[in-house]
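Report on the following structure.
The values are calculated or read from the model by the stated rules, or taken from the named source; none is laboratory data. As the structure is a computational prediction, the values presented were derived from the model and not from experiment. Cβ: placed from backbone, ideal geometry, glycine included. Neighbour counts: every protein chain shown.
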Amino acid sequence: MTTSTDLTRQQNAAENDQIIAITRRAENPRRSGHPHTVTRPEVGNPSGLRDTESSARAGDVLLAALRSQVAQLRAQDPHVREEIPGAVTLMRVATRRLRSTLSGFSWFLEPEHTRTVAEELKWLGAQLAEEHDIEVMIERLTHVLRALPEPLIMGPLAADLERALGALIEQGEQTITVALNSQRYLALQTMLDQLLNRPPLTQQAGELALTDLPRSVAKAFRKLNRLLNAADALPPGPDRDTALHEARKATKRVRYMTEIVTPLVGEPAQHFHRQTEKLQELLGDYQDAVMARPLLQQLAEAAHADGHNAFTYGVLYALEHARMEQVLNELPHRLEHLRHEQTLSWLPQDLISQPAHSVQPNWAPAPRPQETTLAG
């Protein structure tokens, strides 16, 4: 079965192909028409970086990425309208990739011209979020229910879930339909056309992509590190949950920005990308559990009011809490891999260095809640 993760990786592969083509044209003076001299990489280059004399320009690489991302966004429009499974997820990912490019590489793209586009993409992503989040929740709860021993499943749980979550899905579909048929969405498409036809490139966009684009990735990673350290300093509770969610969003930005430079840098960036993807998945599991618990409590209360046995909702609630604990236990190990000097070796070290943590990570799980109230 093809998952949404598989589909987004296919999108990324298509984008990489375009960036690779830009790089190759720049490295071949006869094909590109630019008389740049290309020096081939030294044999046994310990850093693993590709040719630092590559003549691909930052603006050309970013414009290729933007064209690919806009094409991906528009390709999903008819699929979303036809309610093809996975289309909402892919469209939402495309909006995030575009926002990450516009905001993360602001040194090369004029912020005063891209800020409004990024804000409108954020609006579109929010319209897509409701249905997407419920679909993720249905998939998550269905998987957990199938794994539960039969004696722990009490009451018409499947029917209750289908009725309650189905209503939320329908509401999300209506939200998306209204958004895609709105003048605001049409105005966004006009903005995207203008972005591609008259790209707001800065003077720095003429610099070498291989040497300058990684600097923006390094700055985004430094911000991610600050958010993780801030979350680590908080006690268990809603504030830390929110801080970890912000760190997850920053991880996505770093990951999407790294996808753009990977065709230029090669394996070092690919390794870093894998580590950001793993961290994103881990923090995503945590956020899914954070979102699932209040929903399960609401469903338990509704089931109890209808005279149904709500015991299994308490079991599911406890399992989500256990998953949060598991994520927090795994997080230090995952961060150790991400922050390893070999993982970061391709990034400008002056931009990622920061004071070391003065204490051991404090990812203590939140106190176990009283789940008995959920059983009715």
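Data table
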quantity: Filter result for His143 (in contact with a Gly (Cβ under 8 Å, 6 or more places away or on another chain) and modelled with pLDDT under 90); calculated: no
quantity: Helices (runs of 4 or more DSSP H) completely within the range 140-244 that count 2 or more residues being touching a residue at least 24 places away in the same chain (Cβ under 8 Å) and in the same structural domain as Leu338 (by TED's automatic domain parsing); calculated: 209-232
quantity: Where a residue in the range 55-79 is farther than 12 Å from Ile260 by Cβ and its partner, wherever it lies, is hydroxyl-bearing (Ser, Thr, Tyr) and in a helix (DSSP H, G or I), with Cβ under 7 Å and at least six apart; calculated: Leu73/Thr95
quantity: Selection count, the range 291-348, where residues are basic (Lys, Arg) and at positive phi; calculated: 0
quantity: Unmet criterion (only one of (1) closer than 19 Å to Gly86 by Cα; (2) at pLDDT 95 or above; (3) not polar (S, T, N, Q)) for Glu120; calculated: (1)
quantity: Complete set of residues in the range 146-168 that are at pLDDT below 85 and hydrophobic (A, V, I, L, M, F, W, C); calculated: Leu157, Ala158, Ala159, Leu161, Ala164, Leu165, Ala167, Leu168
quantity: For Ala269: the one exception among (1) at pLDDT 95 or above; (2) small (Gly, Ala, Ser); (3) closer than 30 Å to Ile134 by Cβ; calculated: (3)
quantity: Output for the range 127-139, where each listed residue is surrounded by fewer than 18 Cβ atoms within 10 Å (Cβ to Cβ), of a type in the set (A, V, I, L, M) and either without any contact (Cβ under 8 Å) to a residue 24 or more places away in the chain or more than 29 Å from Leu188 (Cα to Cα) (or both); calculated: Ile138
quantity: Test: Thr114 is assigned by TED's automatic domain parsing to the domain that holds Gln174 and farther than 22 Å from Thr251 by Cβ; calculated: no
quantity: Subset of the range 296-318 (residues that are surrounded by fewer than 21 Cβ atoms within 10 Å (Cβ to Cβ) and farther than 18 Å from Ala147 by Cβ); calculated: Gln297, Gln298, Glu301, Ala302, His304, Ala305, Asp306, Gly307, His308, Asn309
quantity: The range 263-287 residues that are touching a residue at least 60 places away in the same chain (Cβ under 8 Å), paired with ones that are surrounded by fewer than 18 Cβ atoms within 10 Å (Cβ to Cβ) and small (Gly, Ala, Ser) (beta carbon under 6 Å, 6 or more apart); calculated: Glu267/Gly48; Pro268/Gly48
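Here is a yes/no grid of residues against (1) over 22 Å from the mean Cα position of the chain (by Cα); (2) assigned to a helix (DSSP H, G or I); (3) at pLDDT below 95:
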residue: His273; (1), (2), (3): no, yes, no
residue: Leu296; (1), (2), (3): yes, yes, yes
residue: Ala300; (1), (2), (3): yes, yes, yes
residue: Leu331; (1), (2), (3): no, yes, no
residue: Leu335; (1), (2), (3): no, yes, no
residue: Leu351; (1), (2), (3): yes, yes, yes
residue: Ala366; (1), (2), (3): yes, no, yes
residue: Thr372; (1), (2), (3): yes, yes, yes
